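Peer 1: This is the structure I have questions about; it appears just below.
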Amino acid sequence: YIFSWYFIALSALVEPAFYQRSFAAKTPKIAKRGLLYSILFWMLFDFMTTSTGMFARAILGEGIKGINAFPLLADVVLPAGIKGLFVVGLMTTIMSTIDSYSFLAASTIGRDVLWRIKSIKSRIGQVGITRWGLVVSGLSAIAIALTTESVVDIWHRLGSLGTPALLLPLALSYSNKWKYRPGWAIANLISAPTVVGLWFIVRSVLDNPGFPWSIQPIFSGLVVSVVFLIVDHLTRNEREVK
């Protein structure tokens, strides 16, 4: 389980926000410097998050849900004035994240997916498609939040679904020799998450806390992705290989 998180962490490399912010930089040098700074702050954020969780466990004791630990700890240790600033800061962080990721998801669904379908493109303008993307992303986020109480579970499931589908196709797309052909890339985008989803479904149906053969879902998806890559290259003709 712990080992799988090292691969789930690679989902940052296929996240649209990563490329959006990188391409927004004025020069590649600025983007590289910003990436290095971001990694340092990412490490600091994770350290603070983990430390706060340990403090919450020590002060509040057992039986506290992880999703409630942060505000409950603040309620116990912070004075009245600082507590108000904490609540405002917490809400600001939540709202800024909702704004950023909702519009990014809407743009991805609308512009990058639906906009490429000619029948939809001819009837609905780009702004209209983005609005529909915002509705879809918003409803999806609400459904995920209502059906899953643990943020860790959300990261685990979404990371397990998205990383196998996108990691290899995107990473290898920079090489003409190794990249997937379009048909195989699309097949991988569909098959890898499907296999991962079946892995979760099997565990749920069997009412078993473990996964089949004790294999984490993300690895089943990565195996599918690697198999598709191998078959893709074995079925190429000489001209395509060159």
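Peer 1: I'd like to check something: does the range 17-28 contain any residue that is within 27 Å of ARG157 (Cβ to Cβ) and either outside any helix (DSSP H, G or I) or at pLDDT 90 or above (or both)?
Peer 2: The answer is no, given that none of the residues of the range 17-28 is within 27 Å of ARG157 (Cβ to Cβ) and either outside any helix (DSSP H, G or I) or at pLDDT 90 or above (or both).
Peer 1: So THR130 fits all but one of (1) more than 22 Å from SER102 (Cα to Cα); (2) buried (at least 19 other Cβ atoms within 10 Å of the Cβ); what number is the exception?
Peer 2: (1)
Peer 1: Identify all residues within the range 78-102 that are assigned to a helix (DSSP H, G or I), surrounded by 12 or more Cβ atoms within 10 Å (Cβ to Cβ) and not polar (S, T, N, Q); write none if there are none.
Peer 2: LYS83, PHE86, VAL87, LEU90, ILE98, TYR101
Peer 1: Need at least 1 residues that are closer than 23 Å to THR108 by Cβ and free of Cβ contacts under 8 Å to residues at least 40 places away in the same chain per element, so show me which helices (runs of 4 or more DSSP H) inside the range 126-242 make the cut, counting only ones lying wholly within it. If you could, list the steps in order and put the result at the bottom.
Peer 2: Details: elements: 126-147, 151-172, 182-206, 217-234, 238-241.
It comes to 126-147, 151-172, 182-206.
Peer 1: Quick one: ALA31 ticks every box in (1) over 22 Å from the mean Cα position of the chain (by Cα); (2) surrounded by 10 or more Cβ atoms within 10 Å (Cβ to Cβ) except a single one, so which number is it?
Peer 2: Unmet condition: (1).
Peer 1: Would you point out which residue out of VAL223, VAL136 is surrounded by 15 or more Cβ atoms within 10 Å (Cβ to Cβ), modelled with pLDDT of 85 or more and β-branched (Val, Ile, Thr)?
Peer 2: VAL136
Peer 1: Looking only at the range 103-120, count how many residues are modelled with pLDDT of 75 or more and either over 18 Å from GLN20 (Cα atoms) or in a loop (DSSP other than H, G, I, E, B) (or both).
Peer 2: 4
Peer 1: Out of curiosity, is PHE103 among the aromatic types (Phe, Trp, Tyr), out of contact with any Ser or Thr (no Cβ under 7 Å at 6 or more places or on another chain) and farther than 30 Å from GLY138 by Cβ?
Peer 2: Numbers: among the aromatic types (Phe, Trp, Tyr): yes; out of contact with any Ser or Thr (no Cβ under 7 Å at 6 or more places or on another chain): yes; farther than 30 Å from GLY138 by Cβ: no.
So PHE103 does not fit the description; no.
Peer 1: Now for a separate question. Has the range 40-59 got any residue that is surrounded by 14 or more Cβ atoms within 10 Å (Cβ to Cβ) and either within 20 Å of the chain's Cα centre (by Cα) or not in a helix (DSSP H, G or I) (or both)?
Peer 2: no
The values are calculated or read from the model by the stated rules, or taken from the named source; none is laboratory data. Source: prediction; values computed, not measured. Neighbour counts run over all protein chains shown; Cβ positions are idealised from the backbone, glycine included.
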